[in-house]
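The structure under discussion appears below in the form of structure tokens.
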Amino acid sequence: MMKNRQQPPALQVVMKEAKRAIRPLIWFSGGINVLMLTGALYMLQVYHRVLSSHSLETLVMLSLMAAGALAAMAGLEVVRGRLLATVGSWMNARLAPVLLTASVEYAASAPGHAVRTYVEMSTIGGAAIRRIADGLAARGVALVDSPISGGAIGAQTGVLAVMAAGAPDAVAMARPALEVIGNRVFVVGEAPGLGQAMKLANNLLSLAGMVLTAEALSLGAKAGLDPALMCEVINAGTGRNSSTDSKYPRAVLTGRFDVGSTNHIAQKDMSLAMAEFAALGIPAPLTGLAREIWAMTEAAQGPQADMTTVAKLYEGWTGVPLRAR
């Protein structure tokens with residue numbers, strides 16, 4: 001019978017910090033629910049009495065009070081949503097890398113050392129991946145920094161690019177599995193973080209392209225052009241990009257907005273790209289501007305809305321929908 005192993009200190013610290021972050025949020029959210037329920041029950045009771053008394057003046061006054069109460073509730077709901085997003089982002093940025101490292105270290109400490117090579121395929125930035133690599137190296141576990149690109153469409157069609165960075169032996173061990181996941185595997189270097197740098201360079205081009213495509217199509221649509229025809233012309237010329245080629249024809253021109261990734265992920269990736277530029281001491285004015293557009297999109301359309309809703313931001317500014325005519 002296997003003896004219970006104690007969780008490593010790092011994992012214990014992470015769990016305690018997570019509980020401390022979540023507990024106030026639970027109390028706040030519960031308080032809002034109680035306020036809303038209490039207010040709704042009270043107004044129903046008062047309305048019943050007023051309707052029984054047939055007092056029109058009192059009914060009007062209570063209706064105005066109810067409207068004010070509903071507005072206050074809506075405000076509280078907005079605050080709750082923003083708080084959830086803020087706490088979630090904080091936990092993702094601060095706790096996720098530590099939790100991941102501690103969890104893998106825990107697995108690596110198993111009898112026989114079950115974990116020898118760990119492959120990280122998330123987009124988490126160079127600083128986070130290097131922290132994870134250092135923690136694993138102390139346990140004799142090699143890390144392969146191997147994010148993927150292609151999105152939901154690529155996953156559905158079997159067209160995914162894998163960018164792997166790590167020690168040659170570790171990459172060779174992981175390669176058979178990586179070749180099942182992606183149709184092309186690129187070894188971009190040996191140092192952890194190079195896979196992240198490659199992925200973020202790819203993503204900032206893709207995400208900035210989505211913003212510029214919305215801007216370019218808005219120019220033509222406002223002038224009277226058909227956005228679908230614009231994409232055809234652009235794709236036959238020098239402006240072709242993944243947005244004009246697939247994302248917009250599939251998800252924006254049709255009004256489906258279902259490319260498969262969220263505004264929160266877009267904003268997260270652009271922020272990670274800006275952090276990489278800062279760490280390297282490189283100015284990135286255009287990436288910064290694109291990140292601000294994504295922050296505006298996340299605030300206006302919602303963090304969980306499809307990232308193609310960045311087009312709706314421009315539609316709101318121009319008053320012209322970017323749909324096929």
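How much accessible surface area, in Å² rounded to 10, belongs to the heavy atoms of TYR42 with a 1.4 Å probe?
My reading of the accessible area for TYR42 is about 130 Å².
Using the alpha-carbon centroid of each, what span in Å lies between the stretch 250-264 and the stretch 216-246?
Computed from Cα coordinates, the inter-centre distance equals 16 Å.
Where in the stretch 222-257 does the label zone of ALA300 land, with the point 7 angstrom along Cα→C-beta and an amide N cut-off under 12 Å?
No residues fall inside that zone.
Measure nothing but the geometry: give the 0 to 90° angle between the long axis through the Cα atoms of 96-108 and the longest principal axis through the Cα atoms of the chain, rounded to 10°.
The angle comes out near 40 degrees.
For the charge dipole of the stretch 205-325, defined by +1 on Lys and Arg C-beta atoms and -1 on Asp and Glu C-beta atoms about the Cα centroid, which residue among SER243, LEU272, ALA228 has the Cα displaced farthest towards the positive pole?
In the stretch 205-325, that residue is ALA228.
Determine how large the accessible area of ASP245 is when every protein chain is in place; take a 1.4 Å probe and give Å² rounded to the nearest 10.
For ASP245, solvent-accessible area is about 70 Å².
All other residues with a Cβ under 9 Å from the Cβ of PRO192 taken together, and with Lys, Arg as +1 and Asp, Glu as -1, what is their net charge?
Computed value for this residue: -3.
Answer rounded, prolate or oblate for the stretch 164-276, using the Cα gyration tensor with square roots of eigenvalues a ≥ b ≥ c: rounded when a/c is under 1.5, else prolate when a/b is larger than b/c, else oblate.
Here the stretch 164-276 falls in the prolate category.
Could you tell me the calculated FRET efficiency between ASP258 and ALA172, based on Cβ-Cβ distance and R0 = 41 angstrom, to the nearest 0.05?
0.60
Say R0 is 30 Å: what FRET efficiency, to the nearest 0.05, do ARG323 and ALA155 get from their beta-carbon distance?
0.70
Using the beta-carbon distance between LEU70 and ASN183 and R0 = 56 Å, what value does 1/(1 + (r/R0)^6) give for FRET efficiency, to the nearest 0.05?
With a Förster radius of 56 Å, E is 0.60.
In the chain, carbon and sulfur make up what percent of the accessible area (probe 1.4 Å)?
Solvent-exposed carbon and sulfur of the chain make up 65 percent of the total.
Got a sec? What order do GLU17, GLU276, GLU57 fall in by accessible area at 1.4 Å, biggest, i.e. largest, first?
GLU57, GLU17, GLU276
What figure in square angstrom, to the nearest 10, would you give for the accessible area of ILE22 with a 1.4 Å probe?
The accessible area comes out at roughly 70 Å².
I need the peptides 301-308, 208-215 ranked by packing, meaning the mean over residues of other C-beta atoms within 10 angstrom, with the highest value on top.
208-215, 301-308
Just to be sure I understand the model, the point goes 7 Å from the Cα along the line to the Cβ. What's the resulting LEU35 to LEU286 distance in nm?
Placing both labels 7 Å beyond Cα along the Cβ direction yields 4.6 nm.
With only alpha-carbon atoms in the gyration tensor, what are the semi-axes of the equivalent ellipsoid for the chain, in Å, largest first?
43, 34, 16
Return one whole number: the accessible area per residue of the chain in Å², for a 1.4 Å probe.
55 Å²
With an 8 Å Cα cut-off and a minimum separation of 6 or more residues, compute the relative contact order for the chain in percent.
Computed over the chain, the figure is 13 percent.
Quick check: the angle from helix 9-53's long axis to the longest principal axis of the chain, C-alpha only, nearest 10 degrees?
20 degrees
Ordering ILE282, ILE132 from largest to smallest accessible area (1.4 angstrom probe), what's the sequence?
From most accessible down to least: ILE282, ILE132.
Under unit Cβ charges (Lys, Arg +1; Asp, Glu -1), what dipole magnitude, rounded to 20 debye, does the chain have relative to its Cα centre?
720 debye
Please list TRP317, TRP27 in order of solvent-accessible area, largest first, computed with a 1.4 Å probe with all protein chains present.
TRP27, TRP317
The values are calculated or read from the model by the stated rules, or taken from the named source; none is laboratory data. Since this is a predicted model, take the numbers as computed values, not measurements. Backbone-built Cβ (ideal geometry, glycine too); neighbour counts: all protein chains shown. Keep in mind that these areas ignore ligands, DNA and RNA; they rest on the heavy atoms of the full protein, side chains included. Shrake-Rupley method; radii C 1.70, N 1.55, O 1.52, S 1.80 Å.
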